[in-house]
Amino acid sequence: MVALVVAEHDNSALKPATLNAVAAAKEIAGADIDVLVAGKDCRAVTEAAGKIAGVRRVLLADDGAYEHGLAENIAPLVVKLAENYSHLLAPATTSGKNLMPRVAALLDMMQISDISAVVSPDTFVRPIYAGNALQTVQSQDPIKVITVRGTAFPPVESTGGSAAIELVPPTGAAGLSEFLRAELSKSERPELTSARVIISGGRGMQSGDNFHLLEKVADKLGAAVGASRAAVDAGFVPNDYQVGQTGKIVAPELYIAVGISGAIQHLAGMKDSKVIVAINKDEEAPIFQIADYGLVGDLFKILPELADELERRQ
Amino acid sequence: MKALVAVKRVIDYNVKIRVKADKTGVETANVKMSMNPFDEIAVEEALRLREAGIVTEVIAVSLGVAQCQETIRTALAMGADRGVLVQTDAELQPLAVAKLLKAVIQQENPEIVIIGKQAIDDDCNQTGQMLSALLGWPQATFASKIKISDGHAEVTREVDGGLETVSIKLPAVVTTDLRLNEPRYASLPNIMKAKKKPITTTTPEGLGVDVTPRLTVLKVEEPPKRQGGHKVGSVAELVDKLKTEARVI
């Protein structure tokens, strides 16, 4: 068993989701884990990858073609490296989900998407139907192409390793696609998928402006701010706030759901959180059934009170 | 140019699914089935491209049991021009679906293929990417905006950190995200009209595609239930519990 993990990064920093994918790889391949860094001028990322505990080797493919993570360009590189590995893994983030099925199809392998547990090197558990069922699948393919649900695998340590760094020759640009621009949300807050505390708002927030009430509480807790699909559909906040089946899957230590009724699609994205708090004026809201602590009442009164109380007791 | 959309028949998104007692899968008998919501968005987008004069014909393809014909009829009622059914009772996994779609595409020669980013049953999120790989075409996944000009599609994609815009050469595969559009409802006259629109039927054997599953499903289980339902009476009590009982703040 030898695993290759495709690192997630933005050319300047390694994304924490990589550490969860390495954790899954460790359960499969033990000490035989390599990490691929494909990007442009991504020396810092390579160094960070080399320090990940338990990584044997870092493969660096540095080329303009890889700068923006275009799947058409990176997939052939991963395919070229694949013959040395029994398992190819990536985080189940938008970039991993974009890349890995392309790799799998080029290799004529069936991907195993979004695994939440490793049973054995060829058998995995994965959520289906928005997490309302868990499927255990065994792969018949010689190379297992896998995306990893980060919340299901506690991250390995980001330090302590001293992997060798090896350059691999780039495969160049496929000439099929071109990156034009990115409009990334700028935030001082932690990223949703790696935050320890998340506070999310739903339709009950009534407007995007009212999200500042959540932000005040988030500031006190060092929390990330998320939203339900209803809040995104209503135009309160951008889609990258979305927690749920079709948005981000999160499992923080503490998840505070405010004005969120608890549709299945939302629960699918957060029900593995360690502690769930629900604040809603409707005491029959389904979110209360899964909440460890429910508070029934008007969120417009409760949120400022909560911010004050946290301030007072800090 | 032609547009091809793939539409999957899935358990309706409003149905609360039940895991079968023998753990072989999910109960589908007497359960309402519908078109995968992301595929509805794909159909809608293809129709809008036709209405904008960019696309001349919209072909809806579905793969699976005979009843997938109903899913194709839904697409036809929305406005698609004709349908192709790849009929089989075999279990189809995304790699097999991508191979079957490739075979259909090689007969139909569309310049743009639009499909849902994921199906809400198996939540795989693979088929579009696999299809474009097999065709050697570019892919734009998780699209929230599509603009076509000069043999290229400029596609805005929903990514974890925000939005990203790429330009891809046609022919290409685009997979849809939620905010691409709001699908129309089929009107009664259009539902009647759809009954007369042609659907051709073929099979995996007819297309020469081996659809043997690569993944064996060993079991399907219910996830562990969460024990919730406790209420607190005040903000002070909540903060107290979080500090002393749950110890998370």
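Points worth noting:
- With eigenvalues of the C-alpha gyration tensor scaled by 5 and rooted, chain B, Å: 36, 24, 19
- Order by protection proxy (mean Cβ within 10 Å, highest first), peptides A:93-101, A:135-143: A:93-101, A:135-143
- When DSSP beta bridges are restricted to pairs lying wholly in chain A, around 20% turn out antiparallel.
- Between A:Val2 and A:Glu191, the simple spin-label model (points 7 angstrom out along Cα→Cβ) gives 2.8 nm.
- Cα shape, the protein assembly as shown, gyration tensor, a/c 1.5 rule: oblate
- Membrane-span-like helices in chain A (whole DSSP H runs, Cα extent of at least 20 Å along the helix axis, mean Kyte-Doolittle hydropathy of at least 0.0): A:94-107.
- Dividing the mean sequence gap of close Cα pairs (under 8 Å, 6+ apart) by how many residues chain A holds gives a relative contact order of 15 percent.
- Take the Cβ atoms of B:Thr24 and A:Glu305, set R0 to 60 Å, and the FRET efficiency comes out at 0.75.
- The protein assembly as shown: antiparallel DSSP beta bridges as a percent of all, rounded to 5: 35
- The relative contact order of the range B:1-121, computed from alpha carbon pairs under 8 Å that lie at least 6 residues apart in sequence, is 38 percent.
- Unsatisfied cross-links (Cα-Cα over 30 Å) in the set A:Lys271/B:Lys8; A:Lys216/A:Lys281; B:Lys2/B:Lys117; B:Lys20/B:Lys145: B:Lys20/B:Lys145
- Förster radius 56 Å - calculated FRET efficiency between B:Leu218 and B:Met192, Cβ distance, rounded to 0.05: 0.75
- Taking the Cα centre of the protein assembly as shown as origin and assigning +1 to Lys and Arg Cβ atoms and -1 to Asp and Glu Cβ atoms, the resulting dipole is close to 780 debye.
- Choice from B:Val86, B:Val31, B:Val173 showing the highest fluctuation, given a GNM over chain B with Cα pairs closer than 10 Å: B:Val31
- For chain B, the 222 nm mean residue ellipticity estimated from helices alone, with every DSSP H stretch of n ≥ 4 adding -39500 (n - 2.57) and the total spread over all residues, rounds to -8500 deg cm²/dmol.
- Packing-based order for B:176-185, B:37-46, A:219-228, using average beta carbon neighbours within 10 Å, highest first: B:37-46, A:219-228, B:176-185
- Straight-line reach from A:Lys26: taking Cα to Cα under 17 Å and skipping same-chain neighbours fewer than 8 places apart, the lysines in range are A:Lys51, A:Lys144.
- Across peptide A:137-146, the mean count of Cβ atoms from other chains lying within 10 Å of each residue's own Cβ comes to 3.
- Relative contact order, whole percent, for the range A:191-314 stands at 25, derived from Cα pairs under 8 Å and 6 or more residues apart.
- Paramagnetic reach from B:Glu245 (point 7 Å along Cα→Cβ, amide N under 12 Å) across the range A:285-314: A:292-295
- DSSP bridge orientation in chain B - percent antiparallel, rounded to nearest 5: 40
- Whole-Å distance, taken between Cα centres, linking the range A:20-91 and the range B:85-141: 27
- If you take all other residues with their beta carbon under 10 Å from the beta carbon of B:Asp81, and give Lys and Arg +1 and Asp and Glu -1, the sum is +3.
- Whole-Å distance, taken between Cα centres, linking the range B:193-215 and the range A:263-286: 41
Each reported figure results from applying straightforward, stated rules to the coordinates on display, with no laboratory input. Source: prediction; values computed, not measured. We place every Cβ from the backbone using ideal geometry, glycine too, and count neighbours over all the protein chains shown.
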